[in-house]
Amino acid sequence: MALRRDWRRPALRAFYGSCAERPMSAFMRRNGRYLALLALLAVPSALLSIHAALALLPLHDWPTALLQTDLHDPAQLLARHSFLPQLAVALVAGAALSLSGVLLQQSLKNPIAEPTTLGTSAGAGLALTIATIFAPWMLEYGRELISLFGATVATASVLMIAGRGRLSVSVILLAGMIVSMTASATTAIFLSLFTDYMGELFVWQSGSLVQNGDRSAIILMFWFVPAACLTVLLRRPFSMLGLEDEAASSLGLKPWVFRLIAISLAISLGASVAAAVGVIAFVGLAASAFAKATGARSFGQVAGRATIIGALLLLLVDRLSDAVFPGELPAGSLTALIGAPLLFLLIRRLPGEFRHRSTVNSRKHPAGVATFLGACVVIITLSMISLAVGPTAGGWSTGAVSLAWDTLEYRWPRVLGAASAGILLALAGGTMQKITANPLAAPEALGVSGGATIGVLALLTVTGGIDQFHLALAAALGAVGAGLLVNVLTRNDSFAADRLLLCGLTVTMLATGWASVFLATGDPRTGWVMSWLSGSTYRLAPHQAMFASVISLAAFAVIPFAERWLTILPLGKTVASSVGVPVSAAWGVSFAFAAIATGAATLLIGPLSFIGLTAPHLARLLGFHDTRCQMFAAAWIGAAIMILADWLGRIVVFPWETPAGIFAALLGGPYMLWALRRR
């Protein structure tokens with residue numbers, strides 16, 4: 001017995017000891033990564049905030065600044081009415097965006113849904129821009145309601161377009177990104193027309209957290225607290241939205257009711273943040289991704305953790321922005337740069353949804369010579385109208401007066417440059433649609449235009465001038481680099497159409513974020529960059545137009561040699577290999593050709609145009625089936641659209657000018673949405 005008791009005592013001690021340690025060890029296993037992430041976000045945020053606070057006021061003056069602010073002391077005024085409200089707004093805005101992202105992801109069963117990727121923020125921004133310009137008195141009484149209206153319209157448009165595809169993940173994201181780009185083009189038109197508001201609206205759209213009072217923080221709390229409480233009360237039905245609708249209905253839930261409630265809450269949160277601080281991208285996406293990475297599985301866990309992580313994440317970004325770029329870089333620009341790489345990683349985890357479709361046949365009756373000659377007549381007529389017809393200070397003028405050399409010498413470089421850019425983009429878009437067998441492929445959608453933009457901005461960042469040759473080289477290298485990046489990211493998925501489009505549009509959003517960062521630095525070349533980004537042609541010099549025309553003619557000359565590849569590659573890798581086509585080499589050479597053409601065109605008219613998408617589509621709709629004829633017809637159509645856009649930009653709001661690239665984007669954006677709807 002003694003031996004038995006001796007044997008039991010250590011066993012019992014070990015047992016009870018393990019029971020005492022088990023709760024803490026289990027807690028750490030479940031929450032260790034979460035607590036480590038909170039520390040990683042909270043400690044630097046706290047240190048940077050304390051450093052900034054002490055730099056603003058000594059420690060012994062802070063109680064006075066908080067309780068009895070001296071109105072004659074600028075430091076105390078800044079501390080009480082700018083610094084502290086900015087910290088509060090960063091925390092509440094980050095929490096609201098994170099909760100909005102979680103609600104959208106849960107209701108749509110879409111792991112990449114958030115206010116930025118669904119066009120919610122862009123729609124809110126466009127509505128507020130219109131109200132600021134045309135009805136500024138409305139902002140005093142209903143800024144949040146205006147933002148909510150724009151966000152609702154944009155999100156509803158995305159869901160209506162994606163509804164035909166049963167709200168598939170990829171279609172929702174593509175529609176959201178296209179809506180965002182179209183809304184941005186519309187906003188750019190208003191900014192180019194009403195330059196008095198440009199500085200204020202640009203800072204706001206970049207997502208500035210700078211405050212001058214408590215109003216924004218109080219309003220954000222007014223929207224966030226009820227939404228958070230309602231989410232807690234409805235966490236069980238919201239959790240069931242992750243099930244199939246049939247399974248949720250069998251459990252007594254009406255999925256469409258709670259899905260509508262969740263989406264409405266998400267839109268209201270995103271709109272309130274957009275109204276208060278502007279467009280803050282990717283916080284909701286990053287917070288939910290980090291929450292899931294820490295082990296959160298249920299909806300309640302993800303929502304709770306993401307809300308806290310998002311608040312600390314935006315605070316850290318704001319503090320880093322203020323420490324590295326004091327007073328220069330809006331927090332929204334930095335979140336765009338951080339979020340785009342994260343979106344790349346998440347896209348790779350998406351299930352494939354799009355089927356490859358042949359882009360060969362669009363019409364039963366092929367186009368004949370008459371159709372092609374008609375297209376030539378149209379482009380010649382448009383060129384003559386653009387050169388000869390236009391408003392002047394004394395009214396509309398045509399004929400010999402307008403064709404005088406003093407007028408013609410300013411107009412012909414613009415017409416020639418616009419036509420050359422249209423040709424290059426159309427040939428690039430047609431090539432991409434052929435090699436990917438995807439009718440939605442285009443330089444803008446596959447990130448090639450965004451890569452060219454990144455190349456140009458990178459060169460401007462490291463140099464002090466504007467050298468056209470080096471800019472052209474940087475644009476081409478950036479376009480090729482973006483193409484290679486998208487190629488690497490989608491190679492394992494056999495270049496699936498949805499991966500190509502999503503990765504490409506992510507590159508475009510990354511370029512937009514970098515552009516915002518560059519413009520916020522106050523570089524003396526900001527005016528040139530803004531003009532270029534909007535697609536203006538009025539800075540084109542004769543030698544630039546001639547150089548562009550030479551490149552477009554060279555691109556024309558390449559098409560006959562690549563005709564066989566472009567005809568066979570849409571049939572699939574197996575068929576192409578069986579007839580002797582070196583698929584990898586053909587794909588790489590064709591993509592390089594499209595990237596170089598896009599880089600040259602982007603340098604001329606900027607990244608905002610959908611010519612690469614619309615021109616090949618219109619060529620197919622006109623009945624051009626043969627590859628060579630289809631590519632040449634697309635080139636003529638692209639040239640015609642750009643000439644028309646340049647002419648309309650000169651005459652619509654004379655004496656002010658609207659950039660041709662923006663007009664082309666307004667035509668191409670709705671067309672791309674229509675094409676996506678047809679899928």
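Values quoted throughout were computed directly from the atomic coordinates according to the rules given, and no laboratory measurement underlies them. From a predicted model like this one, the values you see are computed outputs, not experimental measurements. No Cβ is skipped: glycine too gets one built from the backbone with ideal geometry, and neighbour counts run over all protein chains shown.
Some points to look at:
- Centre separation in Å (Cα based) which lies between region 248-315 and region 121-149: 24 Å
- In region 85-347, a dipole from Cβ-located charges (positive for Lys and Arg, negative for Asp and Glu) runs towards its positive end, and of V171, L128, P115 it is V171 whose Cα lies farthest in that direction.
- A DSSP coil position with no more than 12 other Cβ atoms inside 10 Å describes the following chymotrypsin sites (Phe, Trp or Tyr not before Pro) in region 590-672: W656.
- Converting phi to 3J(HN,Hα) with the Karplus coefficients 6.51, -1.76 and 1.60 and the offset θ = phi - 60°, region 98-114 yields 5, 5, 4, x, 5, 5, 5, 5, 6, 6, 9, 6, 10, x, 10, 7, 6 Hz in sequence order, with x at every glycine or proline.
- For region 240-250, backbone phi angles converted through the Karplus equation (6.51, -1.76, 1.60; θ = phi - 60°) give residue-by-residue couplings of 6, 5, x, 7, 5, 4, 5, 5, 5, 5, 5 Hz, Gly and Pro being listed as x.
- Separation in nanometres of the label points that stand 7 Å from Cα toward Cβ, at I380 and R215: 6.1 nm
- Extension gain for the segment V462 to L77, taken as residue separation times 0.36 nm less the Cα-Cα distance, is 134.8 nm to one decimal.
- Measuring spread by the Cα atoms of region 85-347 yields a radius of gyration and Dmax of 17.5, 58 Å.
- Chain lengthening between S298 and F469 when straightened (0.36 nm per residue, less Cα-Cα): 56.1 nm
- Trypsin sites (Lys or Arg not before Pro) within region 539-607: DSSP coil, no more than 15 neighbouring Cβ in 10 Å: R539
- Efficiency of FRET between L54 and D626 - r from beta-carbon atoms, R0 60 angstrom, step 0.05: 0.25
- Gain upon complete extension [S531, L243; 0.36 nm per residue less C-alpha separation]: 98.8 nm
- Here the calculated FRET efficiency for F325 and F134, from their Cβ-Cβ distance with R0 = 41 Å, stands at 0.80, rounded to the nearest 0.05.
- From phi via Karplus (6.51, -1.76, 1.60), per-residue ³J(HN,Hα) for region 177-184 in Hz, x at Gly/Pro: 5, 5, 4, 4, 5, 5, 5, 5
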